[in-house]
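To start, the structure under review is shown below, and the notes come after it.
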Amino acid sequence: MRTTVGISTLAEARHFLERGADELYCGFAAMPSHRASAGSFRTVAEVGAIASLAHRRGAKLFVAVNEINTNLNSAIVKSLRSLEAAGVDAVILRDPALFSILDAEGVKMTRILSSLAFAFNSKTLEYFHGLGIKRVTLPQQITAAEAKAIIKNPYGIETEIFFIPRDFCSNIDGLCFFTKHEYGCVPHFLCRNTFSTPNGDYRMPQLDAETLLGMLYDYHKAGAHYLKISRTENFPERMIMFKEARLLLDMLEKKPSRAAFTAKGGEIMRRLAGLYETYSTPGENKG
Amino acid sequence: MEKALSLTPGQAAKASSSSLKRFDAVYIGSETCQNLLASRADVDALAAKFKGTIVLSTALLDEAALESALSLAGHAARKFGYDRIEVAVNDYGFLSELKREHKGRMKVSAGRLMMLNILGVWRQIDTPYLTYLSENFGVAALEADNPFYLYKRGPESPFAVHFHTPLRLLATTRYCAYSDKFPACGRLCRDRQLKLKNTQLKGGFIVSFNNGYYMREKPFSHPLVTRTVHTPADGKSS
């Protein structure tokens with residue numbers, strides 16, 4: 001399984017490429033991307049420099065356009081043309097209407113379907129295959145067993161999963177508005193808070209590390225192609241996450257049993273847990 | 001203005017014929033939990049005691065649930081006719097298959113999860129997105145529960161809006177709220193609504209129901225709203 005890492009600076013790109021990242025992805029300020037907008041690049045030249053760096057190391061660079069905003073469609077088309085010319089290899093898309101707009105405008109950049117398009121079944125994949133996707137990022141809340149027909153699709157579409165053991169929301173990413181707007185005064189990650197009910201305390205369900213490691217194991221065994229480290233705003237946390245992901249992927253390459261992987265993987269996660277706490281930022285958003 | 005009621009299959013089974021009389025349409029199923037998709041028997045039983053429009057509420061669907069939803073829609077259309085059946089859709093694969101199987105005859109609306117797609121960061125109705133759904137899938141109506149979709153809109157839109165109250169969806173999950181597991185279902189929810197309080201929730205409280213978390217929403221009127229959809233919600237445990 002190869003690795004895709006979200007970045008926000010040239011230094012981050014260099015860090016991950018030197019440590020073996022196969023692909024990078026980023027946001028571009030003129031185009032709507034899912035959160036972490038502060039970490040989006042502002043100029044084509046910045047992105048072009050990273051694309052060049054990635055290509056010299058045999059890696060690729062993608063750009064995310066995974067929010068929907070009518071007002072920016074013209075800017076998106078213009079930006080994608082410039083970014084393609086600057087060497088960006090693919091675009092991560094969500095809005096089916098934008099696929100059509102890119103067709104009409106003759107933008108030929110390779111297309112990756114965002115997890116935010118919610119491909120939970122092979123018919124959704126088939127539909128977006130008709131719109132020209134070459135890869136799909138699976139939503140977090142689908143198991144490898146459920147995704148079997150997507151992973152083994154007849155169209156040659158590659159599959160990508162998030163680094164599930166550390167990047168797994170209790171609510172469906174893209175369909176959760178606890179982090180903004182509706183309760184403007186509520187801190188991020190309300191999902192992790194305790195609520196009171198007449199029958200006692202309530203916490204939104206969370207999967208334990210063993211289950212999440214098991215999911216990663218199942219996806220690896222099922223043949224998912226890429227592991228994605230999200231574009232969080234916290235670079236040190238992403239550094240630890242990438243290191244942890246590499247350790248777990250190395251273990252998986254040795255084809256351990258599921259039980260052995262979840263046990264040893266759990267040890268790795270516990271060993272690195274302190275580092276996450278050191279670098280965690282309360283209220284941080286992913287993207 | 002049409003009046004509609006939104007029920008889970010369990011709630012629909014308990015509803016009396018007389019209690020449904022004042023509604024023009026009844027939604028059956030769930031937009032947030034694929035495991036609460038109505039069965040053929042659920043729809044047949046509802047149709048026997050309610051003579052108006054039946055709307056099949058559907059969620060994001062895995063392979064098995066998609067097959068069940070397609071089978072249900074086909075059954076309902078054959079047995080009760082396209083005039084009487086609508087489907088609220090939240091899954092592109094399902095939308096695509098409905099169009100293919102029913103050749104555009106099935107009345108479909110873009111469900112609330114599809115609408116959340118465009119609420120994202122920008123809080124506006126996105127015309128190309130909806131136009132795309134209309135032109136490619138025959139979507140003519142939108143299921144909405146958030147007034148922000150409509151604040152900036154005049155009455156010229158080609159889309160009818162079905163406005164849901166009093167629960168506005170804030171988040172959805174595929175977990176079972178009662179077992180920490182997904183997507184296996186033992187119907188542990190039993191149509192319960194949990195009223196969740198937290199000291200940091202200055203808006204009051206949220207309600208956990210059908211794999212969704214909701215805040216309370218007031219009734220809302222707008223020229224585009226052609227149907228109000230009521231969900232029984234007392235926000236209490238039961």
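Every read-out reported here was derived from the displayed coordinates using simple, explicitly stated rules and does not represent laboratory data. Note that this is a predicted model, so its numbers are computed, not measured. Don't worry about glycine lacking a Cβ; one is built from the backbone with ideal geometry, like all the others, and counts go over all protein chains shown.
Ignore the peptide's own chain and count Cβ atoms of other chains within 10 Å of each Cβ in B:142-149; give me the average, rounded. Kindly include the intermediate steps, with their values, before the conclusion.
Values: counts 0, 0, 0, 0, 3, 0, 2, 0.
Per-residue shielding by partner chains comes out at 1.
Would you mind listing how long the stretch A:1-99 runs along its three principal axes, going by Cα atoms, in whole Å with the largest first?
38, 27, 23
How far, in nm, would the chain grow between B:Ser71 and B:Ala140 when pulled straight, counting 0.36 nm per residue and subtracting the alpha carbon separation?
22.6 nm is the gain from fully extending B:Ser71 to B:Ala140.
Counting pairs of alpha carbon atoms under 8 Å apart in space and at least six apart in sequence, what relative contact order in percent does chain B give? It would help to have the intermediate numbers written out before the result.
Values: 446 pairs, mean separation 46.2, N = 238.
It rounds to 19 percent for chain B.
With an 8 Å cut-off on Cα pairs and a minimum separation of 6 or more residues, tell me the relative contact order of chain A in percent.
Numbers: 471 pairs, mean separation 52.3, N = 287.
With pairs under 8 Å counted, the relative contact order is 18 percent.
Greater than 21 Å separation of Cα atoms is the criterion. Which listed pairs, B:Lys3/B:Lys197; B:Lys79/B:Lys99; A:Lys221/A:Lys254, meet it?
B:Lys3/B:Lys197
With contacts defined as alpha carbon pairs under 8 Å and 6 or more residues apart, what's the relative contact order of the stretch B:44-114 in percent?
For the stretch B:44-114, the relative contact order is 34 percent.
Please get the size of the charge dipole for the stretch A:1-59, origin at its Cα centre, with Cβ charges of +1 on Lys and Arg and -1 on Asp and Glu, quoted in debye to the nearest 20.
The dipole magnitude comes to about 20 debye.
Roughly what % of DSSP beta bridges within chain B run antiparallel, to the nearest 5?
Taking every DSSP beta bridge within chain B, about 25 percent pair in antiparallel fashion.
So if each residue of separation counts as 0.36 nm, and I subtract the Cα-Cα distance between A:Arg192 and A:Tyr279, what length gain in nm does that give?
Between A:Arg192 and A:Tyr279, full extension yields 29.5 nm more.
Just to confirm the filter: which GluC sites (Glu not before Pro) across the stretch A:1-56 are DSSP coil and have at most 16 other Cβ within 10 angstrom of their Cβ?
Of the GluC sites (Glu not before Pro), not one in the loops of the stretch A:1-56 has a Cβ with at most 16 other Cβ atoms within 10 Å.
What lysines sit close enough to B:Lys195 to cross-link, taking a C-alpha to C-alpha distance under 20 Å and skipping anything fewer than 8 places away on the same chain?
Partners within reach: B:Lys218, B:Lys236.
Give me the dipole magnitude in Debye, nearest 20, for the protein assembly as shown about the Cα centre, with unit charges on the beta carbon: positive for Lys and Arg, negative for Asp and Glu. Write out the running numbers ahead of the final one.
On the way: 67 positive and 52 negative charges, 129 e Å.
Around 620 debye, computed over the protein assembly as shown.
Roughly speaking, what is the stretch gain from A:Arg270 to A:Ala149, that is 0.36 nm per residue apart minus the C-alpha to C-alpha distance, in nm to one decimal?
40.2 nm
Only counting other Cβ atoms within 10 Å, I'd like A:Glu244, A:Glu277 sorted with the fewest neighbours first.
A:Glu277, A:Glu244
Treating the Cα atoms of chain B as identical point scatterers in vacuum, please give the log10 of the normalised Debye intensity I(q)/I(0) at q = 0.12, 0.13 Å⁻¹, two decimals.
-0.64, -0.76
Looking at the protein assembly as shown, what % of its DSSP beta bridges pair antiparallel, to the nearest 5?
Around 20 percent of the beta bridges assigned by DSSP in the protein assembly as shown are antiparallel ones.
Compute a Gaussian network model of chain A, connecting alpha carbons closer than 10 Å, and tell me which residue from A:Thr262, A:Thr43, A:Thr137 fluctuates the most.
Highest fluctuation of the listed residues: A:Thr43.
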